[in-house]
Amino acid sequence: MDLILLIAPPALFVIWQLRNSIKTIMITGATALIPAITWFAWTKLTYSTWLPNTATAKANLDIPRDELLLQGFNYFWVSIENDPITIMAIVTAIAIAVATKNRLAQTWSLGIAIYLSYVWWIGGDFMAGRFFAVPLLVAAFIIATTQTSSRENKIPAITLATAASITVVALATFSGNTPVALTAPDTQRWESGPNLNGNIVDERGFYVQNNRDLRFFLNNSLVPMFNSDFAGVGAADPQIRSLNEINRLAQNWPEKSTGEPLQIPDGVISECGLLGTIGIALGPRNHVIDTCALTDRFLAAIPFTPNPNEGWKPGHFERVVPQGYERAVAQNNPDLVVDPNAREQLTQLWSKIRP
């Protein structure tokens with residue numbers, strides 16, 4: 001949904017160009033809006049909110065704005081240090097759009113600028129480079145399609161951009177700072193923590209380090225699975241499972257003992273992060289409460305207040321689970337929540353989103 005900030009300027013420009021063709025605008029608008037309206041209606045009926053639950057979980061914060069802005073600066077700085085090619089390509093594309101006075105390219109560049117300003121405003125993310133991926137793709141299109149003129153000759157802007165990129169790669173390589181995009185990591189390439197890189201991690205390196213990358217999965221996919229029984233959470237840490245192991249678990253989920261729909265789970269645990277892996281490791285009869293609230297509508301409504309003695313990690317705004325909430329989920333009974341205000345909120349929410 002936040003990509004609307006990037007898409008809106010060129011979309012409005014195209015609509016202005018088509019202002020004399022109302023029929024075309026209406027057909028195009030209906031084509032774009034029908035899926036969006038359908039999605040909004042579904043999320044309202046399912047979660048009792050118009051916005052994605054992740055938006056509530058990540059925006060409902062009790063964090064000073066200046067602290068978020070500083071964290072956003074850290075997010076840009078980590079990418080500049082470890083992936084200069086991406087930033088250079090985005091800056092180059094914007095410069096080309098401005099220099100050539102290509103209106104469509106300029107509106108795309110404006111969208112990039114607005115979107116990246118928004119990323120800075122919200123404090124960035126924990127995954128380095130994640131929110132630069134789409135601007136980089138748009139930048140590549142701008143560079144490849146925009147032309148600049150030199151007297152009578154047309155020089156493709158991609159020629160200038162290629163020369164600039166080769167120069168940046170060479171300088172980065174000779175300085176010992178090989179760009180992330182050109183590196184095949186075996187482990188995490190930089191450390192992170194509250195006072196180190198702003199808790200912004202090398203997620204790609206993390207996945208490779210823990211054998212969760214596609215290369216490891218393909219290299220081991222032909223290994224016979226001698227143990228075909230489902231292995232639950234007790235067998236190993238559910239957060240550290242290779243893709244090969246996850247694939248095996250998914251194929252060996254235990255079947256329900258009866259044909260009746262599952263009304264209450266066999267077990268409930270609270271975790272933050274890697275919920276897909278944990279969900280597969282636990283099987284379909286268990287419920288995982290996401291303490292970071294990305295998948296939990298009730299916890300998302302609770303403002304995140306950081307511990308003053310600890311740093312906070314972007315995208316991991318872990319809430320304190322109200323006493324009795326796990327038991328309430330396990331028994332499908334909101335009255336088991338101890339705090340009366342939380343109990344009332346949960347009762348009202350479940351009345352809207354549960355049959």
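Data table
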quantity: Candidates Thr305, Thr295, Thr291, filtered to the one that is touching a Ser or Thr at 6+ places or on another chain (Cβ under 8 Å), within 30 Å of Gly124 (Cβ to Cβ) and not assigned by TED's automatic domain parsing to the domain that holds Thr54; calculated: Thr291
quantity: Test: Ile269 is among the aliphatic types (A, V, I, L, M), buried (at least 19 other Cβ atoms within 10 Å of the Cβ) and touching a strand residue (DSSP E or B) at 6+ places or on another chain (Cβ under 9 Å); calculated: no
quantity: Meets criteria (surrounded by 15 or more Cβ atoms within 10 Å (Cβ to Cβ), outside the structural domain of Gln348 (by TED's automatic domain parsing) and modelled with pLDDT of 90 or more) for Ala113; calculated: yes
quantity: Filtered residues of the range 179-224 (kept if buried (at least 17 other Cβ atoms within 10 Å of the Cβ), at pLDDT below 70 and either touching a strand residue (DSSP E or B) at 6+ places or on another chain (Cβ under 6 Å) or β-branched (Val, Ile, Thr) (or both)); calculated: Val180
quantity: Residue that is nearest to Thr146 (Cα to Cα), among those in the range 50-91 that are among the hydroxyl-bearing types (Ser, Thr, Tyr) and touching a Leu at 6+ places or on another chain (Cβ under 8 Å); calculated: Thr86
quantity: Residue count, the range 47-78 (criterion: within 30 Å of Leu346 (Cβ to Cβ), of a type in the set (Phe, Trp, Tyr) and either assigned to a helix (DSSP H, G or I) or in the same structural domain as Asp296 (by TED's automatic domain parsing) (or both)); calculated: 1
quantity: Considering residues of the range 116-137 that are of a type in the set (Val, Ile, Thr) and out of contact with any helix residue (DSSP H, G or I) (no Cβ under 6 Å at 6 or more places or on another chain) only, the residue farthest from Pro9 (Cα to Cα); calculated: Ile122
quantity: The range 38-54 residues that are within 20 Å of Thr291 (Cα to Cα), paired with ones that are outside any helix (DSSP H, G or I) (beta carbon under 6 Å, 6 or more apart); calculated: Thr54/Leu294
quantity: Meets criteria (more than 21 Å from Ile353 (Cα to Cα), assigned to a helix (DSSP H, G or I) and not assigned by TED's automatic domain parsing to the domain that holds Cys292) for Lys44; calculated: no
quantity: Failed condition for Thr31, given (1) surrounded by 13 or more Cβ atoms within 10 Å (Cβ to Cβ); (2) without any contact (Cβ under 8 Å) to a residue 60 or more places away in the chain; (3) among the β-branched types (Val, Ile, Thr); calculated: (1)
quantity: Top-ranked residue in the range 41-67 [being touching a helix residue (DSSP H, G or I) at 6+ places or on another chain (Cβ under 6 Å) and at negative phi; ranked as surrounded by the fewest Cβ atoms within 10 Å (Cβ to Cβ)]; calculated: Trp50
quantity: Qualifying residue in the range 96-105 (condition: free of Cβ contacts under 8 Å to residues at least 24 places away in the same chain and of a type in the set (D, E, K, R)); calculated: yes
quantity: Check on Thr86, within 25 Å of Gly273 (Cα to Cα) and either in contact (Cβ under 8 Å) with a residue 60 or more places away in the chain or part of a loop (DSSP other than H, G, I, E, B) (or both); calculated: no
quantity: Top-ranked residue of the range 293-323 - restricted to ones that are without any contact (Cβ under 8 Å) to a residue 40 or more places away in the chain and surrounded by 19 or more Cβ atoms within 10 Å (Cβ to Cβ), ranked as farthest from the chain's Cα centre (by Cα); calculated: Pro322
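Listed here are the residues, each with its yes/no results for (1) at pLDDT below 90; (2) not hydroxyl-bearing (Ser, Thr, Tyr).
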| site | (1), (2) |
| --- | --- |
| Gln251 | yes, yes |
| Glu271 | yes, yes |
| Thr277 | yes, no |
| Phe298 | no, yes |
| Asn309 | yes, yes |
| Phe317 | no, yes |
| Val338 | no, yes |
| Ala342 | no, yes |
| Pro355 | yes, yes |
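The values are calculated or read from the model by the stated rules, or taken from the named source; none is laboratory data. These figures come from a predicted structure and were not determined experimentally. As a convention, Cβ positions derive from the backbone with ideal geometry for all residues, glycine included, and neighbour counts pool all protein chains shown.
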